[in-house]
Every structure is written in structure tokens, then in C-alpha cells.
């Protein structure tokens, strides 16, 4: 039996030295329940009692040797495999990186930012307000009580009888006048909603920038000067503006404003439909009823207000002929900007 154990040790040692040997297979072959070493140790019961301790110690020595060699070789192979993986995955940090594709601002966002920058440069403050608005701030406080015909022209999305999706950002102006004493100089850009059919020039969701100035001695001349500075900043230094009489319930007098065509300089072209002028916004002096309703004395203070559609300015500025292109998120279109 002693010779058998020594033979198993020698045979196992030779097998373990082979680089191609399967360690798990060798473990089962020698140390498993049906392994060669297990078979020998099971026969120890037939030995004389005085020989059993020496043979048992030798069997344990052989088992320990085989287990130790398997563990050592397993650790070596794992270390080699890890080193090889690290070599294969090694990066050359001196190579130039592949930069990810970087997007740009949406043309609507860029136009809004350009408009905001112009007004900020003139001392205006940007004010935000809720898109889900009360009927009072969207209509009543703007001199449009219930039954007023101007309400019918806006095709409003009502949530309840008194709550709606704002059809203009003018409600921000009312909220500001209620909380702030003059002088006031603000713009309120944001999304607005009207129940329009979707086509090349209409959308149920669009964007506006509305402005408000209230102080002592504000005149129509201040309004014209402000809008002329805005038009020159947005469309070019040679831009001219003209006022055409109009009617808005919350301003009196009211006007629509045209800018000279920035493509042809007013001579007439396809963009301006050969008229030389392009309509861009509405404006007027704040109606005394609106000031009075906000707790501002119209005998002491006066003001002007204006509203500009961001989509319209964007389409003019970038020569876009279909508003739907601004909302379809087509990267082929957006990549041009």
C-alpha cells in the first residue's frame, strides 16, 4: 500500500506538470469519491493495526501535496489569464481621442436667446409664469371680461370654466404688476397654446416673448425707440420699422409693427412678398383699465406692452417655410443650424 501511495504521488506530480492538464479533471481523478487516492485509503481497514498510523500519515501527505499543487497551479493560471487580459485591453493614452458628436441649440431656442439678450442689454428682466393659467389673468385682467368678442378669436384650451392653458404670456405681466410697484421693465418668454389646426404657419403650441414697461411719463415714442433698437439688434443695423394702427383690448392706442425686409432692404422680394415690409409683432400703450385693475394709478403711471411670436421670427431669420419642421426633430433639418 505504501508503494501504491508513492506511485500515485509521482504520477500526479507528472500530470500536474503538464501545461495542458485540466486541473479539475485531475482533482476528481485522484481526490474524488471514486479517485485513486480515495480507493487506496478505503483499503486501510485490511492492514494490521500497527501499520495503519504510518500508512494514514503517508496518505494524508499525498492528499495534501496534490491539493497544494492544484491550488498553486490554479492561482498561477488565473494570474496569467488576468495579465493577458490586461495586455489585450491596454489603452494607448497618447492616441488622440474620438470625440463624441456634439449637438447644437434648436433654432427656436437660439432665436429666443438672441431676443432675450437684446432686451437684457436694454435693462429688461426676464420673468416666468404658469402655463396652466386662471381665466382672470389670461383674459379678465387684460380688459377682456366674459362675453368679450376678442375671446372668440383665440380658440382657447379650457381645462375648467376658470382654468385654461394660457393663450398668451400676458398673464405674467398682470401678476408682475400686482406684486411690483413701478418702475417695471420685463419680458416674459414662454410656451402658449391655442386650438389651431396644424399647417405650415399654425400650431396649437407655439412660443412668444411679451414685454412690459410701466413708469412715469412713458410714451409711444419710448415704445417705438425700444422696438427699433430690438429690430436693429435682431435683423441688422439698417433695419427700419413702421407702425400700422390696430386694435388690442389691453392696449390703447395699439399698433402692428413691420420691419423692413432684411433680405432685399425694402426693395421687394419673395420673402416679403414684394412689399418690402414684414409684419413681426403687435404692441401698444397699456390700457388704463389694465393698470387700474392691478392697483397702478393710470393718472400717475403709463406703460407700453408688446408681443412677438418666436416661431415667426425664427422662420424669417432662417428662411424656413414650414413651421412643422421646427417640431419634427429631424436631425437632417436641425443639423443645418
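The values are calculated or read from the model by the stated rules, or taken from the named source; none is laboratory data. Everything numeric in this text was worked out from a predicted model, so none of it was measured. So basically every Cβ, Gly included, is an ideal-geometry build from the backbone, and we count neighbours across all protein chains shown.
Considering 260, 254, which residue is surrounded by 18 or more Cβ atoms within 10 Å (Cβ to Cβ), assigned by TED's automatic domain parsing to the domain that holds residue 211 and more than 27 Å from residue 113 (Cβ to Cβ)?
254
Could you please find all residues in segment 294-322 being buried (at least 19 other Cβ atoms within 10 Å of the Cβ) and assigned to a helix (DSSP H, G or I)?
Matches in segment 294-322: 310, 311, 312, 313, 314, 315, 316.
Pick out the one residue from 115, 177 that is buried (at least 17 other Cβ atoms within 10 Å of the Cβ), under 30 Å from residue 336 (Cβ atoms) and modelled with pLDDT of 95 or more.
115
Select from segment 182-200 the residues that are in contact (Cβ under 8 Å) with a residue 60 or more places away in the chain and over 28 Å from the mean Cα position of the chain (by Cα) and write down the one among them that is farthest from residue 294 (Cα to Cα).
For segment 182-200, the residue satisfying everything is 185.
Name, by its number, the condition in (1) more than 30 Å from residue 295 (Cβ to Cβ); (2) in a loop (DSSP other than H, G, I, E, B) that does not hold for residue 145.
Among (1) more than 30 Å from residue 295 (Cβ to Cβ); (2) in a loop (DSSP other than H, G, I, E, B), the lone unmet condition for residue 145 is (1).
Does residue 131 meet the test of being surrounded by 10 or more Cβ atoms within 10 Å (Cβ to Cβ) and farther than 30 Å from residue 292 by Cβ?
It is false that residue 131 is surrounded by 10 or more Cβ atoms within 10 Å (Cβ to Cβ) and farther than 30 Å from residue 292 by Cβ.
Within segment 263-283, which residues are buried (at least 19 other Cβ atoms within 10 Å of the Cβ) and in contact (Cβ under 8 Å) with a residue 40 or more places away in the chain?
Residues satisfying the conditions are 280, 281, 283.
Could you grab me the full set of residues in segment 211-253 that are in a strand (DSSP E or B) and closer than 19 Å to residue 317 by Cα?
Selection gives 241, 242.
Can you tell me which of 155, 92 is on the phi > 0 side of the Ramachandran plot and either part of a strand (DSSP E or B) or exposed (fewer than 14 other Cβ atoms within 10 Å of the Cβ) (or both)?
Just one listed residue meets the conditions, 155.
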